[in-house]
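> Encoded as structure tokens, here's the structure I'll be asking about.
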Amino acid sequence: MKSIATAIIATLLAGAAHAATPNPDATQVKAAHDLLAAMQAEKMMRMTAGASKYASPEQRKQVMDKVIKLQPEFVYTRLATPVAKLLSTETALEMTRFYQSSYGKKVLHDTYNSGAQLYPSVPKPTPAEQAELKKPAYLKADKEFKANEQAINHETFVLLKEVINGK
């Protein structure tokens, strides 16, 4: 149990070490906001809330009711600054472009609408989509995004705790 906690902390610290800048400027925050909108981060919040443990079914229902009532813009705005600290502007812009593409939308649909899977499947890209996925700008952005994905999920959890506590 101790080693699992140590691994989680090490992962979070490693994600924080990849931070784009400690104090993002307005351009970085806007890019992160647009990325979160393209990713439909409100659904990520619902997944985080749904995967969390609760003391009782009533508590789970109360939390889910709060999360479902959240306006998507609230989620994007509140997560934009922490995410901007984790990702470079270029990565946020490239990943926004990816999630707005037809293939990116398929990936999001599978992420948010598939049931629990032991080995999550990824939709098969068309040849044109495969060519887009091989571009150096996307490869670099995807690498940085994946390196910080757990830290982004952590920021989502932090926001969830604030929503639960009424902050």
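The values are calculated or read from the model by the stated rules, or taken from the named source; none is laboratory data. For clarity, every value in this text was computed on a predicted model and none was experimentally measured. Positions of Cβ are generated from backbone atoms using ideal geometry, with glycine treated the same way; all protein chains shown enter the neighbour counts. What goes into the accessible areas is simple: the full protein's heavy atoms, side chains included, and nothing from ligands, DNA or RNA. Shrake-Rupley method; radii C 1.70, N 1.55, O 1.52, S 1.80 Å.
> Any idea which residue in region 80-115 is surrounded by the fewest Cβ atoms within 10 Å (Cβ to Cβ), counting only those that are in a loop (DSSP other than H, G, I, E, B) and of a type in the set (S, T, N, Q)? Show your work before the answer.
So in region 80-115, the residues in a loop (DSSP other than H, G, I, E, B) come out as 87-88, 101, 114-115.
Imposing the further condition that a residue be of a type in the set (S, T, N, Q) reduces the set to 88, 101, 114.
Numbers: Ser88: 21, Ser101: 18, Ser114: 10.
The qualifying residue surrounded by the fewest Cβ atoms within 10 Å (Cβ to Cβ) is Ser114.
> Filter region 140-153 for residues that are open to solvent by 90 Å² or more (accessible area, probe 1.4 Å) and more than 27 Å from Ile68 (Cβ to Cβ) and give the result.
So the first thing to find is which residues in region 140-153 are open to solvent by 90 Å² or more (accessible area, probe 1.4 Å), and the list is 140, 143, 146, 150.
The answer is Lys140, Lys143, Lys146.
> If we keep just the residues of region 15-59 that are open to solvent by less than 50 Å² (accessible area, probe 1.4 Å) and modelled with pLDDT under 50, which is nearest to Leu93 (Cα to Cα)?
Only one residue tops the list, namely Ala20.
> Out of the residues in region 154-165 that are assigned to a helix (DSSP H, G or I) and open to solvent by 70 Å² or more (accessible area, probe 1.4 Å), which is farthest from Lys53 (Cα to Cα)? Walk me through how you get there before you give the answer.
If we filter region 154-165 for residues that are assigned to a helix (DSSP H, G or I), which is where we start, we get 154-164.
Then drop every residue that is not open to solvent by 70 Å² or more (accessible area, probe 1.4 Å), which leaves 154, 157, 161.
Details: His154: 15, Phe157: 12, Lys161: 12 Å.
Ranking the qualifying residues of region 154-165, first place goes to His154.
> Return only the number of the condition from (1) in a helix (DSSP H, G or I); (2) open to solvent by less than 50 Å² (accessible area, probe 1.4 Å) that Pro125 does not satisfy.
Answer for Pro125: the failing condition is (1).
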